[in-house]
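Novice: Here you go, one structure.
The values are calculated or read from the model by the stated rules, or taken from the named source; none is laboratory data. Just so you know, these numbers come straight off a predicted model, no measurement behind them. Positions of Cβ are generated from backbone atoms using ideal geometry, with glycine treated the same way; all protein chains shown enter the neighbour counts.
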Amino acid sequence: MTNHNNNLSGIMSVLQDKISLPDTPENLSHAYKTARPFPHLIIDNLFPSSQLDDLAAEMRPLTTDHWVHEDSEHLKKINLRSAVDLGDSGFHHTSFLHSAGFLYLLSELTGIWELLPDPYLQGAGYHIIPQGGKFDVHVDRNTAYETGLNRRITLITYLNKSWEHEYGGQLELWNSDGSRCEVVVEPVFNRTIIFEIADKNYHGVPKPVVAPQGRSRNSFAVYYHTAGVKNQKVTPHGSLYAPSFYSSDKNVSTFRRTMKDITPPILVRGFRKLQKAK
């Protein structure tokens, strides 16, 4: 125990001018592990505001090819195409989120050890939900397609200054059968949420964004992985939507929905292009 405490003290001394925690790591870990409806932690002002100002200012115009525009029945949002499209501020912020000290702190908070970063930002980086956009209640994809690593933790930091509740875009955390919202998270500037990825951890942004003209709901997301999940056999899948959102879909078969969930997005996009070309 002494060595553990000494290690944590050393890590916190390294991180002290880079992040600001509202409580001790021990208390925050307890809050994370006992949170409902599933393990999560919400921290305001975790990062220096100036750092996030630079991160937000560096976002490239949405008219460029640096973005992936997703628009389907359950999802309308825009993602950064690749980590190589980051500017200097994005590169430095991501490098810090992937650093050994921050990984160690995340393990202390979540109890998940041997966390691995994703330098390619597969599905991560800047996330933008435009006017009318949403992301129906779902559980996250549980593996990285190319590496087969298991996704374990999501970290999202919001970049929206002067964001009003009426603009929508709140992140909702739902119960284990996806039938009831239990926690609502306002996407305000410099608010960070850390939560566990698991097959019953339903969440989403089901209410369309209605922000004023020219505004969107912006965030920066990072996923953390492990090489396996102790005492569990993991069956890979994509985003799985809550049953309540499937119930209104009478025209799409269960087979088609399942195939869509387990097929990598790049293959889905390629198939759609072929269909349009016919």
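Novice: Do you know which of the residues in the range 105-127 that are closer than 30 Å to Ala211 by Cα and of a type in the set (A, V, I, L, M) is surrounded by the fewest Cβ atoms within 10 Å (Cβ to Cβ)?
Specialist: Ala124
Novice: What do you reckon, is Phe102 crowded, with 20+ Cβ neighbours inside 10 Å, under 27 Å from Leu240 (Cβ atoms) and at pLDDT 95 or above?
Specialist: Against the criterion (crowded, with 20+ Cβ neighbours inside 10 Å, under 27 Å from Leu240 (Cβ atoms) and at pLDDT 95 or above), Phe102 does not qualify.
Novice: Of everything in the range 154-174, what is in a strand (DSSP E or B), out of contact with any His (no Cβ under 6 Å at 6 or more places or on another chain) and not hydroxyl-bearing (Ser, Thr, Tyr)? Give them in sequence order.
Specialist: Leu155, Ile156, Leu171, Glu172, Trp174
A quick yes/no check of all residues on (1) of a type in the set (A, V, I, L, M); (2) in contact (Cβ under 8 Å) with a residue 12 or more places away in the chain; (3) surrounded by fewer than 21 Cβ atoms within 10 Å (Cβ to Cβ):
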| position | (1), (2), (3) |
| --- | --- |
| Ile129 | yes, yes, no |
| Leu149 | yes, yes, yes |
| Thr154 | no, yes, yes |
| Thr157 | no, yes, no |
| Gly169 | no, yes, no |
| Val185 | yes, yes, yes |
| Asp199 | no, yes, yes |
| Ala221 | yes, yes, yes |
| Tyr224 | no, yes, no |
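Novice: So in the range 106-153, with the set limited to residues that are outside any loop (DSSP other than H, G, I, E, B) and of a type in the set (Ser, Thr, Tyr), which one is modelled with the lowest pLDDT?
Specialist: Thr143
Novice: Could you check the range 171-182 and list, in sequence order, the residues that are surrounded by 19 or more Cβ atoms within 10 Å (Cβ to Cβ) and closer than 30 Å to Asp53 by Cβ? Please lay out each step first, then the result.
Specialist: Looking only at the range 171-182, we keep the residues that are surrounded by 19 or more Cβ atoms within 10 Å (Cβ to Cβ), and these are 171, 173-174, 178.
Leu171, Leu173, listed by residue number.
Novice: Just checking, which of Leu46, Leu28 is over 18 Å from the mean Cα position of the chain (by Cα) and within 21 Å of Leu115 (Cα to Cα)?
Specialist: Exactly one of Leu46, Leu28 is over 18 Å from the mean Cα position of the chain (by Cα) and within 21 Å of Leu115 (Cα to Cα), namely Leu28.
Novice: Among Ser89, Ser82, Ser95, which is the only one that is surrounded by fewer than 17 Cβ atoms within 10 Å (Cβ to Cβ) and at pLDDT 95 or above?
Specialist: Going through Ser89, Ser82, Ser95 in turn, the sole match is Ser95.
Novice: Also, quick follow-up: Please indicate, with yes or no, whether at least one residue in the range 170-177 is at pLDDT below 95 and over 18 Å from the mean Cα position of the chain (by Cα).
Specialist: Scanning the range 170-177, I find at least one residue that is at pLDDT below 95 and over 18 Å from the mean Cα position of the chain (by Cα), so the answer is yes.
Novice: Let me ask another. Considering only residues of the range 226-261 that are among the β-branched types (Val, Ile, Thr), surrounded by 12 or more Cβ atoms within 10 Å (Cβ to Cβ) and outside any loop (DSSP other than H, G, I, E, B), which is modelled with the highest pLDDT?
Specialist: So, considering only residues that are among the β-branched types (Val, Ile, Thr), surrounded by 12 or more Cβ atoms within 10 Å (Cβ to Cβ) and outside any loop (DSSP other than H, G, I, E, B), the one modelled with the highest pLDDT is Thr226.
Novice: I've got another one for you. Looking at the range 12-32, is at least one residue out of contact with any strand residue (DSSP E or B) (no Cβ under 9 Å at 6 or more places or on another chain), aliphatic (A, V, I, L, M) and surrounded by fewer than 11 Cβ atoms within 10 Å (Cβ to Cβ)?
Specialist: For the range 12-32, residues out of contact with any strand residue (DSSP E or B) (no Cβ under 9 Å at 6 or more places or on another chain), aliphatic (A, V, I, L, M) and surrounded by fewer than 11 Cβ atoms within 10 Å (Cβ to Cβ): absent.
Novice: Another question about this same structure. Say whether the condition of being under 25 Å from Ser162 (Cα atoms), at pLDDT 95 or above and touching a helix residue (DSSP H, G or I) at 6+ places or on another chain (Cβ under 6 Å) is met by at least one residue in the range 29-51. Outline the logic, then answer.
Specialist: Going residue by residue through the range 29-51, those that are under 25 Å from Ser162 (Cα atoms) are 40-51.
Remaining after also requiring at pLDDT 95 or above: 40-51.
This time we only want the ones that are touching a helix residue (DSSP H, G or I) at 6+ places or on another chain (Cβ under 6 Å), so: 41.
Yes, the range 29-51 contains at least one residue that is under 25 Å from Ser162 (Cα atoms), at pLDDT 95 or above and touching a helix residue (DSSP H, G or I) at 6+ places or on another chain (Cβ under 6 Å).
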